[in-house]
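Novice: I'd like to ask some things about the structure below.
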Amino acid sequence: MELILRDGRLSSGEAVDIGLEGGIIRAMEPRLTAEAAQEIDLGGQMVSPPFVESHIHLDSALTAGDPRWNQSGTLFEGIEIWRDRKQSLTLEDVKARAIATLKLQAQQGVLFVRSHADVSETSLVALKALLEVRDSVKDWITLQVVAFPQDGLYGSPGNLDLMEEALTLGADAVGGIPHYEMTREDGVQSVHRIFELAQRYDRLIDIHCDEIDDDQSRFLEVVAACAVRSGLGSRVTASHTTAFASYNNAYAFKLMGLLARSAINFVANPLINITLQGRTDTYPKRRGVTRVKELWHQGLNVSLGNDCVQDPWYSLGDGNMLTVAAMAVHICQMTGQDEIAACYDMITTNGAKTLALGNTYGLAVGQPANLIVLDAPSPYEAIRRNATVTHVFSRGKLLVHTKPAEVRWVSG
Ligand code: FE2
């Protein structure tokens with residue numbers, strides 16, 4: 001073996017030694033007798049598959065306050081500010097901010113990321129930059145890029161052509177924003193067009209769907225119906241779906257049956273939607289996050305994302321996935337032990353399912369050696385303490401080592 005990690009602990013609590021060679025996990029046993037050129041003592045810490053960031057916008061990350069701050073706190077003012085900021089985008093600007101954000105995430109245990117790239121401005125600079133970044137970081141982090149028409153597929157006459165160009169250039173997934181199209185009909189048509197393009201170019205689908213408090217925003221049913229008819233199911237993701245939280249229960253019940261049949265993935269972004277949504281409410285004020293617990297009970301795949309890191313929609317954010325999981329625990333009221341464990345799955349294995357990573361992800365013999373070590377004995381403690389990720393192993397090598405903060409009482 002090239003490297004043996006000694007005295008780790010699986011999420012089940014079982015002790016484990018892990019042997020790595022040639023970028024692959026070669027052995028996992030309670031006590032490995034083999035020897036290695038290098039051994040690292042994990043001191044009983046938990047070993048986990050890496051975190052998966054299911055939804056982020058790397059093209060707008062780290063631009064908060066430029067050219068101005070979002071005063072209303074709404075999604076729509078954010079879109080206006082971004083429309084101004086994106087006039088001055090350059091390849092170097094986007095690449096530098098994207099790589100800085102990916103490093104911020106990788107050092108906190110994220111090794112798989114799905115980013116949306118705005119494809120509604122004519123130079124496609126955001127998309128081109130993120131495709132270059134995807135290639136330049138591939139030896140330490142896996143990046144997927146979604147062609148995302150921020151201003152709507154039918155918002156301007158050239159937007160559809162830009163989407164096709166983005167797919168020709170190599171975007172991994174087709175995106176959309178039906179609730180932001182000018183009319184309901186445009187929204188429905190955009191979803192049909194997205195499915196058509198995904199099939200023609202053989203790409204995944206990830207749609208910003210019903211990210212609004214409007215209980216009449218019902219594009220999720222269109223996405224689910226298209227998924228059923230096309231058979232694309234698990235290759236389809238509905239992101240945000242915050243209006244689902246405002247639907248009346250009779251409709252939600254009927255919809256849930258269709259969703260179960262469609263087997264699509266869901267991404268909730270609790271940090272962002274708890275702040276963006278409910279802005280037109282007085283009291284009671286809606287939570288603005290989709291029905292995560294109910295989707296999970298239904299057996300549907302739900303994963304979580306940061307969505308924004310210091311951008312026109314959210315001036316805070318540090319890319320930490322445990323913070324996202326903790327926020328989901330609170331807003332979705334998933335405080336039971338099995339529910340907290342489920343929220344941990346939403347930032348690991350469920351995210352891998354959303355990204356369709358297949359057998360390239362997971363903590364098992366024969367898998368690529370991507371894994372993280374946390375300063376916590378269990379997923380529950382990891383979320384409760386917002387544990388430090390002490391070691392990040394990527395492609396069989398130690399990528400980042402972080403020492404947990406040391407506290408020393410001086411008097412008292
Ligand atoms: Fe988003």
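The values are calculated or read from the model by the stated rules, or taken from the named source; none is laboratory data. Here the structure is a predicted model, which is why all the values come from computation and not from measurement. Virtual Cβ from ideal backbone geometry, glycine too; neighbours counted across all protein chains shown. Surface accessibility is based on the protein's heavy atoms, side chains included, excluding ligands, DNA and RNA. Shrake-Rupley method; radii C 1.70, N 1.55, O 1.52, S 1.80 Å.
Novice: Which Rg and Dmax, in Å, describe the Cα atoms of region 139-215?
Specialist: For region 139-215, the Cα radius of gyration and maximum Cα-Cα distance read 12.7, 44 Å.
Novice: On to the next question. Roughly how many whole Å is it from the C-alpha centroid of region 96-165 to that of region 4-64?
Specialist: 28 Å
Novice: Can I ask one more? Could you state the accessible area per residue of region 41-170 in Å², with a 1.4 Å probe and every protein chain left in place?
Specialist: Accessible area per residue, region 41-170: 34 Å².
Novice: Let me check something: with ligands and nucleic acids excluded, how do 296, 313 order by accessible area (1.4 Å probe), largest to smallest?
Specialist: 296, 313
Novice: Could you pull the accessible area for residue 219 with a 1.4 Å probe, rounded to 10 Å²?
Specialist: Probe radius 1.4 Å; accessible area of residue 219 about 10 Å².
Novice: How are the alpha carbon pair distances in region 210-276 distributed across 5 Å bins from zero to the largest one, expressed in percent?
Specialist: Bin by bin from 0 Å, the calculated values are 4, 18, 28, 25, 17, 7, 1, 0.
Novice: Tell me, rounded to the nearest percent, the portion of alpha carbon pairs in region 234-328 spaced more than 24 Å apart.
Specialist: 24 percent
Novice: Go through region 239-249 residue by residue and turn each phi into a ³J(HN,Hα) via Karplus (6.51, -1.76, 1.60, θ = phi - 60°); whole Hz please, and just put x for glycine and proline.
Specialist: 9, 6, 6, 5, 4, 4, 6, 9, 4, 5, 5
Novice: Sticking with this structure for a sec: Rounded to a whole number, what % of the accessible area of the chain do carbon and sulfur atoms account for, probe 1.4 Å?
Specialist: 50 percent
Novice: Length gain on complete extension for the stretch residue 359 to residue 316, per 0.36 nm per residue less the alpha carbon to alpha carbon distance?
Specialist: Using 0.36 nm per residue and subtracting the Cα-Cα distance, I get 12.1 nm.
Novice: Kindly write out, for region 9-14 in residue order, the coupling ³J(HN,Hα) from the Karplus curve 6.51 cos²θ - 1.76 cosθ + 1.60 (θ = phi - 60°), rounded to whole Hz, with x marking Gly and Pro.
Specialist: In residue order, the calculated couplings are 9, 7, 5, 6, x, 5 Hz.
Novice: Sticking with this one: Kirkwood Rh over alpha-carbon pairs of region 183-297, then Stokes-Einstein at 10 °C and 1.306 mPa s: what D in µm² s⁻¹, rounded to an integer?
Specialist: Diffusion coefficient, whole number: 110 µm²/s.
Novice: Shape of region 1-152 from its Cα gyration tensor (a ≥ b ≥ c, root eigenvalues): rounded if a/c is under 1.5, otherwise prolate when a/b > b/c, or oblate?
Specialist: Verdict is prolate for region 1-152.
Novice: So what are the three principal axis dimensions of region 51-360 from its Cα atoms, in whole Å, longest to shortest?
Specialist: 48, 46, 40
Novice: So, counting K/R as plus one and D/E as minus one, what does the shell of residues with Cβ under 9 Å around residue 155 add up to?
Specialist: Every neighbour counted, the sum reads -3.
Novice: For a quick check of understanding: with a 1.4 angstrom probe and all protein chains in place, what accessible area in square angstrom does residue 282 have, to the nearest ten?
Specialist: 100 Å²
Novice: What FRET efficiency comes out for residue 15 versus residue 249 if R0 is 51 angstrom and r is the Cβ-Cβ distance? Round to the nearest 0.05.
Specialist: Working from the Cβ atoms, E equals 0.65.
Novice: List the aspartates and glutamates whose Cα lies under 19 Å from the Cα of residue 403, skipping any in the same chain that are fewer than 8 positions away.
Specialist: Cross-link targets: 7, 39, 41, 318, 375, 381.
Novice: Related question: How much solvent-accessible surface does residue 340 expose, in Å² to the nearest 10, with a 1.4 Å probe and all protein chains in place?
Specialist: That residue has around 20 Å² of solvent-accessible surface.
Novice: Between their Cα atoms, which of 95/285; 293/353; 103/397; 103/128 are more than 27 Å away from each other?
Specialist: In this structure, 95/285 exceed 27 Å between Cα atoms.
Novice: Give me the extension gain from residue 280 to residue 185: residue separation times 0.36 nm, minus the current Cα-Cα distance, reported in nm with one decimal.
Specialist: Net length gain for the segment: 31.8 nm.
Novice: Skip the ligands, DNA and RNA, and give the accessible area per residue of region 191-324 with a 1.4 Å probe, whole Å².
Specialist: Roughly 38 Å² per residue, with all protein chains present.
Novice: Using a 1.4 angstrom probe with every protein chain in place, what is the largest-first accessible-area order of 103, 403?
Specialist: Largest accessible area first, the list is 403, 103.
Novice: What is the calculated FRET efficiency for residue 385 to residue 72, with r their C-beta to C-beta distance and R₀ = 35 Å, to the nearest 0.05?
Specialist: 0.50
Novice: What are the residues whose amide H is under 5 Å from the amide H of residue 119, where those residues sit 5 or more places off or on another chain and H is modelled from the backbone?
Specialist: When sequence neighbours closer than 5 places are left aside, the close amide H contacts are 148, 150.
Novice: Taking the Cα centre of region 24-95 as the origin, how large is its charge dipole in debye, to the nearest 20, when only Lys and Arg (+1) and Asp and Glu (-1) carry charge on their Cβ atoms?
Specialist: It works out to roughly 180 debye.
Novice: Order 118, 161, 84, 93 by their accessible area, 1.4 angstrom probe, all chains in place, largest first.
Specialist: Greatest to least solvent exposure: 161, 84, 93, 118.
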